[in-house]
Amino acid sequence: MAVLQKIRKRSGLLLLAIGFALLAFVIQDLFSNGIKSQSHDVGSVNGKDIAFEDFRIKVANLEKGGQNGQPITQTQAANQVWEQEVAIALINEQFEKAGIRTCDNHIVDFFKKDPNIGQNPMFLNQLGKFDLAKFKEYFKTNPEQAQVIKDKEKDAEINSKFQIYSAMIKAGMFTTNADGKFKYELEANKVNFDYVSVLYSTVKDSDVKVTDADILEYMQKNEKRFKSEETREIEYVLIEDKPSAKDEEEMKAKINALLTGSVEFKDGKYDTIPSFKNATDVADFVGANSDKPYDSTYVTKQTLPAEHADKLFALPSGEIYGPYINGNYYCISKVMGRKVGDQVKSSHILISWVGAERAAPKEKRTKEEAKVKADALLAQVLANPSMFQMIAFTNSEDPSVQQNGGDMGFISRETGFAKGYKDFVFNNPVGKIGIAETEFGYHIINITDKQDAIRLATVAQKIEPSEQTTNEAYTKATQFEMDANGKDFATVAKAAKLAVNPSIKAKPMDEAFGVAGNQRQVIKWAFSDDTNIGDVKRFEVVNVGNVIARLKKINEKGLMTVEEAKPMVESIIKNKKKAEKIMAKMKGSSLEAIAKANATTVQNAPAASVDNAVLANVGAEPKVVGTAFGTPANKVSAPIEGNSGVYVIKTKSVAKAPKLPKYDDYVNKLKANAGQASGRVFPALKSNAKIDDNRLEFY
């Protein structure tokens, strides 16, 4: 009681102490996490910050909209937006330096070229031309769309500036007549020389040794070629959460029971479940027993599982096939009906007229004129059916013709096609070519295939691990995580009869993780300041299982590791060491003497050029051919380190190409190469920029 009395007297002080402790905890967490993340932007380019809030919105919009109709992950969206922001920052910097400005006309031109704007009927005048007044009026009356156009204006401004910038680069890459003359001489000047070669392949690889120090020295001399980002090497074990053999047998027995019927005790009474064959309401039976909904559509043989298609399609109505495995499901299927010629494949050539549905704004042809043209094209294809696709390419007004050549694929009677088109293809045999009229125009149609279809009722039950199997996998994973901490990862894995997967080398914003798919959580853990080499952690992966990862190595930003560079560098250094051995033997007053000393022969290159410096049976050797042009006639050169071996040459003659009255063809060749210069701008700017990337703290 005395103790309780003392606590009551000091309760205010105790609460104050607890309050201070909680406040200290919150402040510490705020500084270590919240303020740290909010105190800077997502990154910077040459000192210009990229604001996180704007960046976040762009990432969210891209993630929501996907790419080319396909969904993308948040990390993929963040990586794409980052590359765009870096490119925009770099190029805007160049615009400022060059003093490039744009005006309203540039932006309007950009809008005109955008098919979603320039060809939108809402913004066209009576002549089918883009009307700027209509365009502006639309956004006045639809202010909720104003932000969309503001974003497009930014894109238009950058695009217009880049067009100017690109034109300036091209103009700066001026090609003179002298350049053309030099190019001509590189191609047309010929040298005739004899040579002795000793190839690197004549020296055994075992006779030369390439050390890690050799590779490091080579990288340091060629530092720009071997720059590397910060990476983490992660090795891992995957314990899959997958059905056991027992689980599969139980699932098979369960679905087999649906073939014979069964009796269940439910709600205090026995309930008889009919067999699949005897079920009076098949759709209800499937709904009650299948993990996939009942599908009443008719399907062709090509759409059925390949290994079961023949048997399923040959089954009489009312008969059942199975159990069979389709992907991760045990299935039984019952044929509910069959339709002859239900699916039709065809190609078409569309000829529209003014006022037809989806006709191009510039269309001037009347309906009568369209019919005349369609009849003429029909006559052509009837005379030569094999030319149908070519005629479609050159005449059809269906915008998709360039992608599919007029092929419309398979359609059914339920497919949402124009009535006149469907009537023609379903009422005529394969091979029939004729004309059908729809609201879109006249169609010259070629019926290329017809397929029967069947309707199946399928009970599909997913083969999943049982609770016991999942628990066993979890227990095994947690045990392995504990055993592997502080011990040799491979040894512990071997003892547990588990395989260590090949190491993943990850960059800060990667998410791909080998056979486990996208696992951003593992990458973030590996790059955490709290994770050290040798640390082990288990991760639960939905629909996969458990990944037990170990941080194997930390590679700091700078030169790539010797292991990374070895495949690129080892052969180069090896050949250089072989060259030293070969050169020591390539001595003599004549080519014949050198050839004899090296058990080889003197060979001849009769008409080599700098532009085509290829030696027969060897390959490209520009250094050898270049030396031949610069060596006085009949003089034996010093040994030359080539691409494939060591060479000694003796020039016999040099044939200078005759002068031309003009070199326009060669000037044009060089101009074509210069035209690609703008495409090399971004890589060059990026390699010389100071880029700080803080995305890891946000994503």
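The values are calculated or read from the model by the stated rules, or taken from the named source; none is laboratory data. Keep in mind that this is a model prediction, so the values were computed, not measured. Note: ideal-geometry Cβ built from the backbone for every residue, glycine included; neighbour counts use all protein chains shown. Protein only, heavy atoms only, side chains kept; ligands, DNA and RNA dropped before computing areas. Shrake-Rupley method; radii C 1.70, N 1.55, O 1.52, S 1.80 Å.
What the table shows:
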quantity: Extension gain (nm, one decimal) between GLN163 and ALA288, 0.36 nm per residue minus Cα-Cα; calculated: 38.7 nm
quantity: For THR448, distant residues with modelled amide H under 5 Å away; calculated: LYS345, SER346, SER347, GLY431
quantity: Proportion of all alpha-carbon pairs of the range 433-528 beyond 18 Å (%); calculated: 74
quantity: Length released on extending from THR260 to THR469, taking residue separation times 0.36 nm less the Cα-Cα span; calculated: 72.4 nm
quantity: Table column - 3J(HN,Hα) (Hz), the range 242-259, Karplus curve with 6.51, -1.76, 1.60, x for Gly and Pro; calculated: 10, x, 7, 4, 5, 4, 5, 5, 5, 5, 5, 5, 5, 6, 5, 4, 6, 7
quantity: For peptides 399-406, 77-84, 230-237, sequence by mean Cβ density within 10 Å, most packed first; calculated: 230-237, 77-84, 399-406
quantity: Cross-link reach list, lysines versus LYS487, counting only Cα pairs under 20 Å and skipping chain neighbours closer than eight places; calculated: LYS476, LYS497, LYS537, LYS552, LYS553
quantity: Carbon/sulfur fraction of accessible area - the chain, other protein chains in place, 1.4 Å, %; calculated: 52
quantity: Sequence-distant residues sharing a close amide H with GLY545 (under 5 Å, placed H); calculated: ASP241
quantity: Probe 1.4 Å, all protein chains present, accessible-area order of GLU185, GLU307, GLU357, largest first; calculated: GLU307, GLU357, GLU185
quantity: FRET efficiency estimate (nearest 0.05) - Cβ-Cβ, THR176 to ALA418, R0 60 angstrom; calculated: 0.50
quantity: Residues whose placed amide H lies under 5 Å from that of VAL614, excluding near-sequence neighbours; calculated: SER609, GLU621
quantity: Debye equation applied to the C-alpha atoms of the range 596-677, log10 I(q)/I(0) at 0.12, 0.21, 0.22, 0.26 Å⁻¹; calculated: -0.49, -1.04, -1.09, -1.32
quantity: Low-density loop positions, trypsin sites (Lys or Arg not before Pro), the range 543-580 - DSSP coil, at most 15 other Cβ in 10 Å; calculated: LYS557
quantity: Listed residues ASP241, ASP530, ASP194 arranged by accessible area, highest first, probe 1.4 Å; calculated: ASP530, ASP241, ASP194
quantity: Listed values [x] 1.06; [y] 1.41; [z] 1.28, entry calculated as Cα Rg over 2.2 N^0.38 Å; calculated: [y]
quantity: Solvent-accessible area of LEU304 with every protein chain in place, 1.4 Å probe, in Å² to the nearest 10; calculated: 20
quantity: GluC sites (Glu not before Pro) restricted to the range 518-575 and DSSP loop, no more than 14 other C-beta within 10 Å; calculated: GLU556
quantity: Sum of -39500 (n - 2.57) over DSSP H runs of 4+, divided by residues of the chain (222 nm, nearest 500); calculated: -13000 deg cm²/dmol
quantity: Residues of the chain: accessible area per residue with a 1.4 Å probe, Å²; calculated: 59
quantity: Computed over the range 238-344, Cα set: Rg, Dmax in Å; calculated: 16.1, 54
quantity: Cα gyration tensor shape of the range 555-626, rounded if a/c is under 1.5, else prolate or oblate by comparing a/b with b/c; calculated: oblate
quantity: Surface accessible to a 1.4 Å probe, LEU186 within the full protein complex, Å²; calculated: 50
quantity: Compactness index (Cα Rg / 2.2 N^0.38 Å), the range 341-452; calculated: 1.00
quantity: Residues of type aspartates and glutamates that LYS161 reaches as a straight line, Cα spacing below 17 Å, ignoring anything fewer than 8 places off in the same chain; calculated: GLU85, GLU93, GLU96, ASP104, ASP109, ASP114, ASP151, GLU153
quantity: Fully extended contour minus Cα-Cα distance, from SER503 to VAL354, at 0.36 nm per residue; calculated: 47.3 nm
quantity: Heavy atoms of TYR663 accessible to a 1.4 Å probe, total area in Å² rounded to 10; calculated: 10
quantity: Qualifying trypsin sites (Lys or Arg not before Pro) in the range 655-699, DSSP loop, other Cβ atoms within 10 Å at most 15; calculated: LYS656, LYS659, LYS662, LYS690
quantity: Model label zone, ILE572; criterion: amide N under 18 Å from point 7 Å along Cα-to-beta-carbon; scope the range 206-231; calculated: 209-229
quantity: Phi to ³J(HN,Hα) by Karplus 6.51 cos²θ - 1.76 cosθ + 1.60 over the range 49-59, Hz, x for Gly, Pro; calculated: 6, 10, 5, 5, 4, 4, 4, 4, 5, 5, 5
quantity: In order through the range 607-614: 3J(HN,Hα) via Karplus (6.51 cos²θ - 1.76 cosθ + 1.60), integer Hz, x for Gly, Pro; calculated: 7, 8, 10, 5, 6, 10, 8, 10
quantity: Which of LYS204, LYS345 is most accessible, then next, and so on - probe 1.4 Å; calculated: LYS204, LYS345
quantity: Fraction of alpha-carbon pairs over 21 Å apart in the range 110-219 - percent; calculated: 70
quantity: Pairs of lysine residues in the range 644-699 - Cα separation under 28 Å, sequence separation of 8 or more or cross-chain; calculated: 7
